[in-house]
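Student: One structure coming up, written as structure tokens, with questions to follow.
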Amino acid sequence: MNITIVGAGKIGRAIIESLIKEGHDISVIDQDSKVIEFLNNSYDLMCVCGNGINIENLEAISMKNCNLFVACTGSDEHNMLSCLLARSLGAKYTVARVRNSEYAGDTLSYIKQQLDISMIFNADLITAQTIYNNLKFPSAIKYETFSGRKFELAELTIKDDSMFADKALSKIKSQFDISFLICYVKREDVGVVIPGGDFTLRSGDKIGLVASPLEMQALLKRMDVLQKKVKNVMILGASRSAVYLANMLAANSYRVRILEVNQEKTRHLYDVLDDSVDVVNADGSKSDILTEEGIDSQDSFVALTGLDEENILIAYHAMNMGVPKVIAKVNQDTYADISGKLGVDCVISPNHLTADLIVKYARALNTTLESKIETLYSLMNGAVEALEFVVSADFKQTGVKLKDIKLKSNILIAGIIRSNKTIIPNGNDVIQLGDHVIVIAKEQKLSDLSDILL
């Protein structure tokens, strides 16, 4: 598809890189000449240095041939106006990024309808929601849900004393009366694999588990990794994501404390946060301040400053202070790798979250919205994807036993949701019309359930 991106900041660049990997033809408009020079030298794409609400710049790219137009500058109004202009010039679908919390609810729906914008996203809100979900499931490095929370995916690290260590997957399964599946493994010297029954787990492996919510709780309890529910949360930094997160937590009876060193930002927090949130004007990057503010009594610590390095280091310190659940916002992949080596496994990347959203939307459009992708998660720094499809009449293998379906390599059918029933499938199970099917894919770009077939 022909896709135009306006705004090549952190979010925009992540979207550009992900869409290039998908094989789309990308054009970029940005006002920063240095950014344009970098993109021209790094990728095979068309670049225009200028403003995304300039008609000449839009026409230089040819909006009539534009299948998807994504505006993700730092200005909400700029993004929405450029989408309006692009649509009027012939762009088929438009997507706008917004940041202002006032653009929400009925107001946002009205704007979307009046400006004929196909989709509007808020990266800060997406980030906060992801962190909130992880805090609700503190035992996991990463926690994702499918089909209205009927199915869960959790990433865990195998510890030295784990009952999974040095055991083959087939042996592990035989020891449990719980229905679950280990669907991918990341090992330091091997990379990411989709394992078979003879695969033996080792200490240090990161694994992806899928199960129904009740089975997941029972499994983690048996594994003795089920952490107590988070009640006290300390947040470092007064970013937009921090504000969204604090209000979500407060609305659900969590006790929340935010540390912010900037006095002006601290004063602003009193206007936008729930009254129950404890706001402290202090430098949370200093260990004595964290101790003074009671970090040792917290169930969770979330680092949400604008600096990856600071987030990693303070999260590492919080972990060493004994905080059970530590989360750091990290955008650069190199820093994410460093955090993992330090033991800070739970890192959240707004860039990746947003890029995943746009990739999912682009794949759907690429098959003229006939794709039945309900959910798409990029896992293990993009090495693996977890996708949820709704089975339609054009899938030719309904009613066929899974053991008789020929799948492409590095594909695993991890789960089936049928009405309210969650199934961890075996070879004798079948896929039926209307099912929600969870697929784990490595080195495959799937747009439709039929893409899994040889």
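The values are calculated or read from the model by the stated rules, or taken from the named source; none is laboratory data. Just so it is clear, the structure is predicted and the values come from calculations on it, not from any experiment. Cβ sites come from the backbone with ideal geometry, for glycine too, and all protein chains shown count toward neighbours. All accessible areas refer to the heavy atoms of the entire protein, side chains included, with ligands and DNA or RNA removed. Shrake-Rupley method; radii C 1.70, N 1.55, O 1.52, S 1.80 Å.
Student: How large is the accessible surface per residue of the chain, computed with a 1.4 Å probe and reported in Å² as a whole number?
Tutor: For the chain, the per-residue accessible area is 45 Å².
Student: Let me ask something else about it. State whether the range 1-65 is rounded, prolate or oblate according to the following rule on the C-alpha gyration tensor (a ≥ b ≥ c being the square roots of its eigenvalues): a/c under 1.5 gives rounded; otherwise a/b larger than b/c gives prolate, and the remaining case gives oblate.
Tutor: On the way: a/c = 1.72, a/b = 1.14, b/c = 1.50.
In terms of gyration-tensor shape, oblate.
Student: What is the distance in Å between the Cα centroid of the range 90-138 and that of the range 1-71?
Tutor: 21 Å
Student: Oh, and also: Name all residues of the range 31-50 having a backbone nitrogen under 12 Å from the label point set 7 Å from the Cα of LEU89 along its Cα→Cβ direction, giving them as ranges.
Tutor: In the range 31-50, the label zone of LEU89 (backbone N under 12 Å from the point 7 Å along Cα→Cβ) covers 48-50.
Student: With an 8 Å Cα cut-off and a minimum separation of 6 or more residues, compute the relative contact order for the chain in percent. Each step should come with its number before you reach the end.
Tutor: Details: 913 pairs, mean separation 51.4, N = 454.
Over the chain, the number comes to 11 percent.
Student: Which whole-number percent gives the relative contact order of the range 352-452, counting Cα pairs below 8 Å spaced six or more residues apart? Don't skip to the answer; put the middle values down first.
Tutor: On the way: 176 pairs, mean separation 31.2, N = 101.
The value is 31 percent.
Student: Rounded to the nearest 20 Debye, what is the dipole magnitude of the range 132-223 about its Cα centre when Lys and Arg each give +1 and Asp and Glu each give -1 at the C-beta?
Tutor: Roughly 240 debye, rounded to the nearest 20.
Student: For semi-axes √(5λ) of the Cα gyration tensor in Å, the listed values are [x] 52, 26, 21; [y] 35, 32, 19; [z] 57, 30, 19; which was obtained by calculation from the structure presented?
Tutor: Label of the calculated value: [y].
Student: Considering only protein heavy atoms, with the full assembly of protein chains and a 1.4 angstrom probe, order LEU220, LEU454, LEU81 by accessible area, largest first.
Tutor: Values: LEU220 0, LEU454 150, LEU81 75 Å².
Largest accessible area first, the residues go LEU454, LEU81, LEU220.
Student: Go through LYS329/LYS360; LYS142/LYS229; LYS10/LYS329; LYS150/LYS231; LYS150/LYS360 and tell me which ones have a Cα-Cα distance over 18 Å in this structure.
Tutor: Values: LYS329/LYS360 22 Å; LYS142/LYS229 16 Å; LYS10/LYS329 13 Å; LYS150/LYS231 24 Å; LYS150/LYS360 21 Å.
Over 18 Å apart, Cα to Cα: LYS329/LYS360; LYS150/LYS231; LYS150/LYS360.
Student: Moving on to the next point. Fully extended, how many nm does the chain gain between ASN40 and ARG99 (0.36 nm per residue separation, minus their Cα-Cα distance)? Write down the numbers at each step before the final one.
Tutor: Values: separation 59, 0.36 × 59 = 21.24 nm, distance 2.79 nm.
The span from ASN40 to ARG99 would gain 18.4 nm if fully extended.
Student: Separate question: Using all alpha carbons of the range 149-254, what is the percent of pairwise distances in each 10 Å bin, ordered from the shortest bin to the longest?
Tutor: The distribution over the range 149-254 is 13, 37, 26, 19, 5, given as percents.
Student: Could you pull the accessible area for HIS352 with a 1.4 Å probe, rounded to 10 Å²?
Tutor: Near enough 60 Å² of accessible area.
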